[in-house]
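Just below is one structure, and these are the notes that go with it.
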Amino acid sequence: MKIYRSLDDLFESLPVVNGLSISFHHHLRNGDGVQNLILKKMNELNITKLKLYPSAIFPVHTEMLKLLQKGAIDAITTNYLNGSVAEYIAEHGLPNQLKMQTHGGRSRAIIEGETIIDIAFIAAPIVDEEGNAAGHDGPSACGSLGYAIEDSVYAKHTILITDHLVKKLEQPQIFSQHVEAILVVDSLGDRQGIVSGTTAITKDPVGLRIAANAAQLMDELGLIKEGMNFQSGAGGISLKVTEHLKNTLKARKLKAGFFSGGITQSHVNMLEDNLVNDLYDVQCFDLHAIQSLKKNPHHHAISAHDYANPANPKRVIKDLDVVILGATEIDLDFNVNVTTDSYNTIIGGSGGHSDTATDSRVSIIVTPLFKARTPIIKERVNTITTLGKNIDCLVTERGIAINPKRTDLLAKLSNTHLPIYTIETLLNKAYEYTGVPQSYDLKAQKIGVVEDRDGTIIDTLHTKKRR
Amino acid sequence: MNPIVVGSLESSDCLITLTPHPSRKIAIESIVYDAYHDAIHAVIMSLLDDYNLQRVHVLCQDKGALEYTIKARLKTAILRFKEVHHES
């Protein structure tokens, strides 16, 4: 295995030309120093017409911003973006387009050859001298490297970048047969930004009410049972729902099948309390998850392909019974937006939202009815991230709406004391507090598309109109 | 002349600043400007009318306050303004 200690030497070995397609993963989150290191070098070499395939983009990614300002980036395909890059693109667009994919869709596109990556630059917290890599150990440990696996296998050139080179690594997630070279650097990034710490369970009374409603809804729908498979994010409300689930499983002496997706301390505690059989971890959200991955044999690091590739019949999320998800907006057809806000600012992206909502037997959106006067329910969302046909329930602090096409769920709830309304009624309840918004249109030039996991374009993105 | 300042820049609140001005003038900065500018303007005008206050500059820096919050903040500001400037 070729091991470089100098970035210049590595770059001399690589076909770095204008029009290059390169990829990165986002497991170092807002502590990532690797993408900045590589893009800074691209900038120095005056490479232009770059096509970028990062799995996500965060505020830390300032070298990308410099390349954008220089006009050196032709197109970006990603799953999530916020920070200054998002702001720049929302104002100026790109010469070519911004494509927002899902986590599962990104994996599918790479494997099926829709996405062709010339060089995958993979930040790898622990690498052995043969070129095997993982994320669970080393000074920049981030846990699972799930979103980098397909890149490592399918890129024309796969480069590992590490600050922790060891003789031999047991249980790698990335295998040496796919790796061309290793670059050893002093540090992969900022430790504080890599591990966000423990996400706080909500204490806000509105959040508590939403979580209690969601937990009771899950119970009344018969979803809390032996062997149930569950996914929830790291948001404060989702974590509270997970806590309710834990208490119910404990009280009834039940054990869940698996939890999947982004793993947190809450999920790990339930594994260690013997309340769930397995954790399928595509991304660790905190230190507890990273440590658990190291020591718990039933905590499995999986790839995006194993997790959510829609073309993979064995994908984990296909067996989900229930997923708890957030929403920036949801409309009367239950379409959900987590890509832009109500004022057409790019704030995120699907990640696994559409993937899990589509596959899970029941998908539940948890959100306050309005946030800072802005109603979350809209007549029409600003951007569709997840199609309404894949969203089943909306749970707010002031009521619950069930997608009318889920007559089976409505039938189960026929004798409930839960506050079930139509989504139109919930919208009007929101308006009682916020007032009816005046109409406005903040979309200017088209700058990109939202692609669903199967490759279907489900919406377009636009620059934000100036006032 | 010291302006009257009421409220905060916390989410779901607003900061109201009143300064003497030859004629009534309203400036609105809001995170929900596109959706609620007209509504915020209307509630400020209506409350100023209720208190018959003309010679004032109102700056409303809004972080998504509901209407009753804006009213409460502005009403407090108006009462203080009148006290300080001896307006009836």
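Taking label positions 7 Å along the Cα-Cβ direction at both A:Asp186 and A:His92, the computed distance is 3.0 nm, reported to one decimal.
Applied to segment A:24-34, the Karplus parametrisation 6.51 cos²θ - 1.76 cosθ + 1.60 on θ = phi - 60° returns per-residue 3J(HN,Hα) values of 9, 10, 10, 5, 8, 6, 7, x, 5, x, 6 Hz, with x for Gly and Pro. Converting phi to 3J(HN,Hα) with the Karplus coefficients 6.51, -1.76 and 1.60 and the offset θ = phi - 60°, segment B:66-72 yields 6, 4, 5, 5, 4, 4, 5 Hz in sequence order, with x at every glycine or proline.
Backbone amide hydrogens, once placed in the peptide plane, bring A:Ala256 within less than 5 Å of A:Gly227, A:Val276, A:Asn277, excluding anything fewer than 5 places away on its chain. In this structure A:Ser414 has an accessible area near 90 Å², from a 1.4 Å probe over the protein heavy atoms.
Shape annotation for segment A:1-95: C-alpha extents along the principal axes are 41, 27, 18 Å, from largest to smallest.
The string of couplings for segment A:207-220 from the Karplus curve (6.51, -1.76, 1.60, θ = phi - 60°) is x, 5, 5, 4, 5, 5, 4, 5, 5, 5, 4, 4, 5, 5 Hz, one whole number per residue in order, with x for Gly and Pro. Buried surface for the A/B pair, taken as the accessible area of each chain alone minus that of the pair with a 1.4 Å probe, is close to 1400 Å² in total. The alpha-carbon of A:Lys371 sits under 17 angstrom from the alpha-carbons of these lysines, leaving out residues fewer than 8 places away in its chain: A:Lys203, A:Lys429, B:Lys63. Two-decimal Rg/Rh of segment B:49-88 from alpha-carbon positions, Kirkwood Rh? So for segment B:49-88, dividing Rg by the Kirkwood Rh gives 0.98. Computed from the Kirkwood radius of its Cα pairs, the Stokes-Einstein diffusion coefficient for chain B at 37 °C and 0.692 mPa s stands at 259 µm²/s. Between B:Glu67 and B:Glu29, residue separation times 0.36 nm minus the direct Cα-Cα distance comes to 12.2 nm. Inverting the pair-averaged 1/r between distinct Cα atoms of segment A:205-441 gives 18.1 Å as its Kirkwood hydrodynamic radius. Summed over qualifying helices (DSSP H, 4 residues or more, each -39500 (n - 2.57)) and divided by its residue number, chain B shows a 222 nm mean residue ellipticity of -14500 deg cm²/dmol. Accessible surface for segment B:1-82, divided over its residues, is 48 Å² per residue with a 1.4 Å probe. Counting only the Cα atoms, chain A fills a convex hull of 129 Å³ per residue.
Exposure check, 1.4 Å probe, all protein chains in place: A:Ser187 carries approximately 70 Å² of accessible surface.
Between A:Leu418 and A:Lys2, residue separation times 0.36 nm minus the direct Cα-Cα distance comes to 143.5 nm.
Take segment A:205-441 with all the other protein chains still there, run a 1.4 Å probe, and you get 35 Å² of accessible area per residue. Note on chain A: helix-only mean residue ellipticity at 222 nm, from DSSP H runs of 4+ residues weighted -39500 (n - 2.57) and normalised by residue number, equals -8000 deg cm²/dmol. Anisotropy class assigned to segment A:352-467 is oblate, per the alpha carbon gyration tensor with a/c at or over the 1.5 cut-off and a/b no larger than b/c. Which number do you get for Rg(Cα) / (2.2 N^0.38 Å) in segment A:233-313? That ratio works out to 1.08. Do any GluC sites (Glu not before Pro) in segment A:134-214 lie in a loop, going by DSSP, with at most 15 other beta-carbon atoms within 10 Å of their beta carbon, and if so which? Taking segment A:134-214 and a limit of 15 other Cβ atoms within 10 Å, the loop GluC sites (Glu not before Pro) found are A:Glu170. Considering only B:Ile78, B:Ile28, B:Ile70, the Gaussian network model of chain B with Cα springs below 10 Å gives its largest mean-square fluctuation to B:Ile28. In whole angstrom, segment A:296-405 maps to an equivalent ellipsoid with semi-axes of 26, 15, 13, each derived as √(5λ) from the alpha carbon gyration tensor and ordered largest first.
Pairs exceeding 20 Å between alpha-carbon atoms, taken from A:Lys2/A:Lys51; A:Lys225/A:Lys314; B:Lys25/B:Lys82; A:Lys225/A:Lys253: A:Lys2/A:Lys51; A:Lys225/A:Lys314. Classification of segment A:57-207 by its C-alpha gyration tensor yields an oblate form. The axis ratio a/c (a ≥ b ≥ c) is 1.5 or more, and b/c is at least a/b.
Taking all protein chains together and a 1.4 Å probe, the residues A:Asp392, A:Asp186 rank A:Asp186, A:Asp392 from largest to smallest accessible area. When a 1.4 Å probe is rolled over the protein heavy atoms, the share of accessible surface on segment A:229-387 that falls to carbon and sulfur comes to 48 percent.
The values are calculated or read from the model by the stated rules, or taken from the named source; none is laboratory data. As the structure is a computational prediction, the values presented were derived from the model and not from experiment. Methodologically, a virtual Cβ is constructed for each residue, glycine included, from the backbone with ideal geometry; neighbour enumeration extends over all protein chains shown. Ligands, DNA and RNA are excluded from the accessible area calculation, which covers all protein heavy atoms including side chains. Shrake-Rupley method; radii C 1.70, N 1.55, O 1.52, S 1.80 Å.
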